[in-house]
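Since the structure comes first, as structure tokens, the remarks are kept for the end.
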Amino acid sequence: MYDFELVKPASLQEAIEAMQAEDAQALGGGQTLLPTMKARLAMADTLVALSAIEEIKGICTDDDGRLCIGGGTTHAMVQRDCAESFPALASLAGRIGDPAVRNRGTIGGSLANNDPSACYPAAALACNATIVTQNREIAADDYFLGMFTTALEEREIVTEVRFPVPEAAHYEKFIQPASRFPLVAVFVAKYSDAVRVAVTGASSDGVFRWNEAEAALSGNFSEDAVKGLSAPDADGMISDLHGDGAYRAHLVKVMCARAVKACA
Amino acid sequence: MTKVTMIVNGKSRSAEAEGRTLLVDWLREGLRLTGTHVGCDTTQCGACIVHLNGEPVKACSVLAQEVDGAEVTTIEGIAGADGTLSAVQQAFQDYHGLQCGFCTPGMVMAATSLLRENPRPSEAEVRHYLEGNICRCTGYHNIVKAVMAASGQDVPAVAAE
Ligand SMILES: Cc1cc2nc3c(=O)[nH]c(=O)nc-3n(C[C@H](O)[C@H](O)[C@H](O)COP(=O)(O)OP(=O)(O)OC[C@H]3O[C@@H](n4cnc5c(N)ncnc54)[C@H](O)[C@@H]3O)c2cc1C
Ligand code: FES
Ligand code: FES
């Protein structure tokens, strides 16, 4: 790793100030950033550790019934504390990586990073969650802008994520066992007025909504409605040694059908 | 350099750390506690697992300065003061849960956490919990047997036998 200065603000206000330094970067759980820095694929002059900021950790429900999760909340906390309020999200969090990764990695770090195979982006997009920063609220529909790219500006910190809790939901993950990330995963969220389907791991543009499945499921929320569709276009799907684009496109349909079945 | 102090295996210990010093390097080089191993650069192998404030973490992916003041348990803190092995350690020996031993400190730390959270896990739960620990030698079956034995349960005949 290249050397840097580590600062440990105790409050959000102090963190916002520390982020004004030249070439400063936020450090969430470090489960992506530190290995990247060890490989010298990233560097910063100052790392601003968010882990001591209690006000951006924890889970509560707001007046509109939305589940509000602090940006510094670990995957392990979501796994444990959302098991009743939003079981599909707790189950997603409980399948990220392994127990040690879940004890450090945070929802804010995952959404800021927007890895094309990450789990949380699928949940946030399927629920049209609101991503909150010190400056503004961003709808998930406007937030994910492509692989490793989001609407966040430099120095913006994800302080909270607000999820409208669906009537029924399920996250179906086809795991790539070496990395523990999904090869392809689908989050299905059924609301009283709409069904939303978000896909991760498949597209080289990162997480996306599968519109055809949403339309079919809005009329008929059943596994058969998905089975009647053709798989999404394989063009633009990730192709690598683990699976080519056509295989991933096929998996999107299979994972979506399984997720719908599990919702029933 | 900054002086960093933690409660390590029950004793207050201090050593210098740069901003970039990893917890695992602080333990190994600063305190000469070399039982915690480094098996990868990618946060994937689990050889470096220690307990940080009671929870398993990969010490290669935590900064020492960030956790100044924390309580840490390493593999050196698992056996009794008189050298008596813990139930998990003894079971690894009894069931041949190690060969070269490189992954073993992380395996023992992870298995110890599992049994604290879930004292009688199923075989599937053991395998699921140890997903972040890679072993190049054993093929895992004897590790799973050791953890089942350490939990006081019958040791399963595994599929590969
Ligand atoms: C072995 C292994 C397996 C994994 N498996 C999975 C998996 O199955 N699914 C999955 O989704 N992920 C997986 N991950 C990634 C893991 O979930 C990371 O924790 C996560 O991607 C990044 O979160 P972090 O808090 O560790 O962020 P960091 O690594 O600290 O930071 C990542 C990026 O986000 C920025 N950042 C961090 N916090 C904030 C914030 N609050 N506001 C703004 N920017 C911020 C940082 O500056 C950096 O650019 C795995 C990681 C490992 C090592
Ligand atoms: S050395 Fe820490 S996970 Fe491999
Ligand atoms: S015993 Fe050799 S790596 Fe596990």
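The values are calculated or read from the model by the stated rules, or taken from the named source; none is laboratory data. Remember, predicted model here, so these are calculated numbers, not experimental data. Note that each Cβ is placed from the backbone with ideal geometry, even for glycine, and that neighbours are counted across all protein chains shown. Each accessible area value is taken on the protein alone, full model and side chains, heavy atoms only, with ligands, DNA and RNA left out. Shrake-Rupley method; radii C 1.70, N 1.55, O 1.52, S 1.80 Å.
Residue pairs, Cβ under 8 Å, 6 or more apart or interchain, first in the stretch B:130-153 and within 14 Å of another protein chain (Cβ to nearest Cβ), second open to solvent by 40 Å² or more (accessible area, probe 1.4 Å). List them.
B:Leu130/B:Tyr140; B:Gly132/B:Gln44; B:Ile134/B:Gly39; B:Ile134/B:Gln44; B:Arg136/B:Cys100; B:Arg136/B:Phe102; B:Tyr140/B:Arg127
Quick one: which helices (runs of 4 or more DSSP H) lie wholly within the stretch A:125-236 and hold at least 3 residues that are open to solvent by 40 Å² or more (accessible area, probe 1.4 Å)? Can you show your working first?
Numbers: elements: A:140-143, A:211-219, A:223-227.
Output list reads A:211-219, A:223-227.
This table checks each residue for (1) surrounded by fewer than 21 Cβ atoms within 10 Å (Cβ to Cβ); (2) more than 16 Å from ligand 2 (Cβ to nearest atom); (3) closer than 22 Å to A:Arg102 by Cβ.
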site: B:Ser86; (1), (2), (3): yes, yes, no
site: B:Gln93; (1), (2), (3): yes, yes, no
site: B:Glu117; (1), (2), (3): yes, yes, yes
site: B:Glu125; (1), (2), (3): yes, yes, yes
site: B:Ile143; (1), (2), (3): no, yes, yes
site: B:Ala146; (1), (2), (3): no, yes, no
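From the list A:Gln31, A:Gln25, which residue is more than 18 Å from the chain's Cα centre (by Cα) and near ligand 1 (Cβ under 9 Å from one of its atoms)?
Values: A:Gln31 fails: more than 18 Å from the chain's Cα centre (by Cα).
Going through A:Gln31, A:Gln25 in turn, just one is more than 18 Å from the chain's Cα centre (by Cα) and near ligand 1 (Cβ under 9 Å from one of its atoms): A:Gln25.
Show me the strands (runs of 3 or more DSSP E) found entirely inside the stretch A:1-96 where at least 2 residues are hydroxyl-bearing (Ser, Thr, Tyr), within 14 Å of chain B (Cβ to nearest Cβ) and at negative phi. Outline the logic, then answer.
Values: elements: A:5-7, A:24-27, A:46-49, A:59-61, A:67-70.
It comes to none.
Looking only at the stretch A:20-37, which residues are buried (at least 18 other Cβ atoms within 10 Å of the Cβ) and closer than 26 Å to A:Ala76 by Cβ?
Residues of the stretch A:20-37 buried (at least 18 other Cβ atoms within 10 Å of the Cβ): A:24-35, A:37.
Selection gives A:Gln25, A:Ala26, A:Leu27, A:Gly28, A:Gly29, A:Gly30, A:Gln31, A:Thr32, A:Leu33, A:Leu34, A:Pro35, A:Met37.
Of these, B:Gly101, B:Gly80, which one is at positive phi and surrounded by fewer than 17 Cβ atoms within 10 Å (Cβ to Cβ)?
Numbers: B:Gly80 fails: at positive phi.
None of the other options fit; the residue is B:Gly101.
Tell me which of these A:Gly58 doesn't satisfy, since it passes every other one: (1) more than 18 Å from the chain's Cα centre (by Cα); (2) closer than 27 Å to B:Val50 by Cβ; (3) surrounded by fewer than 18 Cβ atoms within 10 Å (Cβ to Cβ).
Tallying (1) more than 18 Å from the chain's Cα centre (by Cα); (2) closer than 27 Å to B:Val50 by Cβ; (3) surrounded by fewer than 18 Cβ atoms within 10 Å (Cβ to Cβ), A:Gly58 fails exactly one: (1).
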